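Colleague: Quick one: the structure is below, questions incoming.
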Amino acid sequence: MHEGTALAFDFGERRIGVAVGEPMIGTAHPLVTIDTEVNEARFAAIEALIGEWQPAHLVVGLPVHADGTEHDMTRLARKFAQRLKGRFALPVWLVDERHTSELAESMLQEAGVRGRKQKPMLDQVAAQAILQTWFETSGIPV
């Protein structure tokens, strides 16, 4: 069991969803979506979140095909995880994110958020699902 707050990231080339949670009580909450392709702006936003939440762990969703094979986004997510580790000197974990987008859509529909209203929230809810998976599986250290 991990101790301390965790921030989770659903990495994308355009948007990065972020969630926060506490492993000891097993709860995760959507936090924000960082919506920019500019790396310095992305990392400035992440640095501000780390300053605010003081996480003990960072968790990154690892996208793979349904059969588990890797693809271009897998490589980019691994690179992002490495950059987080290098910049912030915190433990970084990778978690298989298969089906998290579908789960996030389902969670939003259950909450009454449908159609276009889902788009701004989808990535952060996917990050929430990634973090919940990490609570249950611990992931792979970077």
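Colleague: Would you please list the contacts, defined by Cβ atoms under 6 Å and residues six or more apart or on different chains, that run from a residue in the range 105-130 that is on the phi < 0 side of the Ramachandran plot and at pLDDT 75 or above to a residue that is surrounded by 18 or more Cβ atoms within 10 Å (Cβ to Cβ) and among the basic types (Lys, Arg)?
Modeller: Hits for this filter: 123/15.
Colleague: Moving to a separate point now. Please specify each residue of the range 116-142 satisfying the condition of being under 13 Å from the mean Cα position of the chain (by Cα) and of a type in the set (Val, Ile, Thr).
Modeller: Those that are under 13 Å from the mean Cα position of the chain (by Cα) and of a type in the set (Val, Ile, Thr): 125, 130, 133.
Colleague: For the range 44-79, enumerate the residues that are over 14 Å from residue 10 (Cβ atoms), modelled with pLDDT of 90 or more and among the β-branched types (Val, Ile, Thr).
Modeller: 50
Colleague: Filter the range 112-142 down to residues that are part of a loop (DSSP other than H, G, I, E, B) and of a type in the set (Val, Ile, Thr), then give me how many there are.
Modeller: Step one: filter the range 112-142 for residues part of a loop (DSSP other than H, G, I, E, B), giving 112-114, 138-139, 142.
Of the ones still in play, those that are also of a type in the set (Val, Ile, Thr) are 113, 142.
Number satisfying all stated conditions: 2.
The values are calculated or read from the model by the stated rules, or taken from the named source; none is laboratory data. Here the structure is a predicted model, which is why all the values come from computation and not from measurement. Cβ coordinates were reconstructed from backbone atoms using ideal geometry, including for glycine residues, and neighbour counts include every protein chain displayed.
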